[in-house]
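What follows draws every value from the coordinates through simple rules; no lab data is involved. Computed from a prediction, not measured in an experiment: that's the story for all the values here. When we count neighbours, we look across all protein chains shown, and the Cβ atoms used for this are built from the backbone with ideal geometry, even at glycine.
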Amino acid sequence: MIIKNKIAVVIGARPQFIKHAPVELALRKYFEVISIHTGQHYDAKMSDIFFNQLNIATPQYMLNIGSHMHGRQTAIMLEKIEEILQSEMPVALLVYGDTNSTLAGALAASKLNLPVIHVEAGLRSFNKTMPEEINRILTDHVAELLFAPSVVAIDNLSNENIMKNVYNVGDVMCDSLQLALKYNRKQVNKIEPYFLCTLHRPYNTDDITRLIRILDELNRAIEKVIFPVHPRTMHILEKNGVKTSRFINIEFIEPVSYFDLIDLQQNAQCIITDSGGIQKEAYMLKKKCITLRTETEWVETLKDGWNTLVFDELEEIHAIIDAEPGEYIEKLYGDGQAAEKIAQIVDELFN
Ligand code: UD1
């Protein structure tokens, strides 16, 4: 039997399960993959459902860390990941994106002098009040091998003097989307037109006055709004005694699986979100998107009206919904082969 080198991978939040699915598949050809699930997301609808649908192997380590203040959450992860890395002795540790799980993994490995591989490197919002911005800057600066999804990301890294072992392989979420479109035969049975909304960023949810302003605006939209609610957003509404029934134009539903969200996006007239991944998916699915933020890391999507940023002037969403987007660029985020390219480069460098 051939003994393969080990690559450890840290995952923990919903978008990381989606990114991991194609990468795990590709890496397994060359390595034994040791996956560590921090438990940052733990509700079945935020975690298990993605593993089942995307056929991801059960993680070797389930840390069950759950929700805490960011510092404490990251610290507990760091301590536990370090122990695992010491006992498993992988040749490198791979992390995705910008969550607290990403940073904890990157720090744990770098303190053991273990090479860090960062998938989705080089993204910047230039807004350091976002926890994600700190997480990705620090991760990029300790990483030894960086996989960027776009030219803009490569430029951002080069502006911070990170030029060695940087590769533009395209976006792994493009690979995931292709998997979903291939495997997902079910179509959400929605005949009436609707808009789709998702919201979970602290600056849209933690201030209840702002959250209500957003919901009031969606309540005035010309079509019904379907809103799969992230647990963080639901907890805030409940804590403040806000009844969802007062927004009659909005259908509040539980978080949905990856395949169902892709279906909901494909059939929506327009998508309103503050998620990073959904801005890209909307573009890949040729859907117009409104992003409720002051900036985005995915600046390519803003061209020709496919994605529009709205923050203070929420009433503008109605006119934007009506406007027709312009030219569409095919394969803006790659050809769906990012995971295979990543696995081949990792193989060359670490085997
Ligand atoms: C995290 C990431 C964010 C990513 C998002 C995707 C950080 C700093 N943020 O945000 O970048 O876009 O995941 O969804 O890492 N909760 C539950 N059940 C769960 C998970 C969360 O009830 O399974 C609730 C808890 O009240 C928790 C809150 O959601 O305190 C926020 O969860 P947390 O993991 O801190 O951040 P997200 O908002 O999910």
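General observations
- Counted charge near Glu316, where neighbours are those whose Cβ lies closer than 15 Å (Asp, Glu -1; Lys, Arg +1): -2
- Among the trypsin sites (Lys or Arg not before Pro) in region 277-351, those placed in a DSSP loop whose Cβ has at most 13 other Cβ atoms within 10 Å are Lys286, Lys331.
- Proximal lysines to Lys6, defined as alpha-carbon separation beneath 20 angstrom and excluding residues fewer than eight positions away on the same chain: Lys19, Lys29, Lys80, Lys111, Lys341
- In the chain, a dipole from Cβ-located charges (positive for Lys and Arg, negative for Asp and Glu) runs towards its positive end, and of Cys289, Leu215, Val151 it is Leu215 whose Cα lies farthest in that direction.
- Anisotropy class assigned to region 186-322 is rounded, per the alpha carbon gyration tensor with a/c under the 1.5 cut-off.
- Charged neighbours of Gly170, selected by a Cβ distance under 15 Å, balance to -4 (K, R count +1; D, E count -1).
- Cα-based Lys pair tally, region 186-322, threshold under 24 Å, eight or more apart or on separate chains: 20
- Alpha-carbon centroid distance for the pair region 84-149 / region 208-261, whole angstrom: 32
- Proximal charge balance of Ile76 [Cβ under 14 Å; K/R count +1, D/E count -1]: -1
- Crossing angle, helix 208-219 versus the chain [Cα axis fit, 0-90 degrees, rounded to tens]: 60
- The C-alpha atoms of the chain define a longest principal axis, and helix 100-111 lies at about 20 degrees to it.
- For the chain, calculated [θ]222 nm from helices alone, where every DSSP H run of n ≥ 4 adds -39500 (n - 2.57): -12500 deg cm²/dmol
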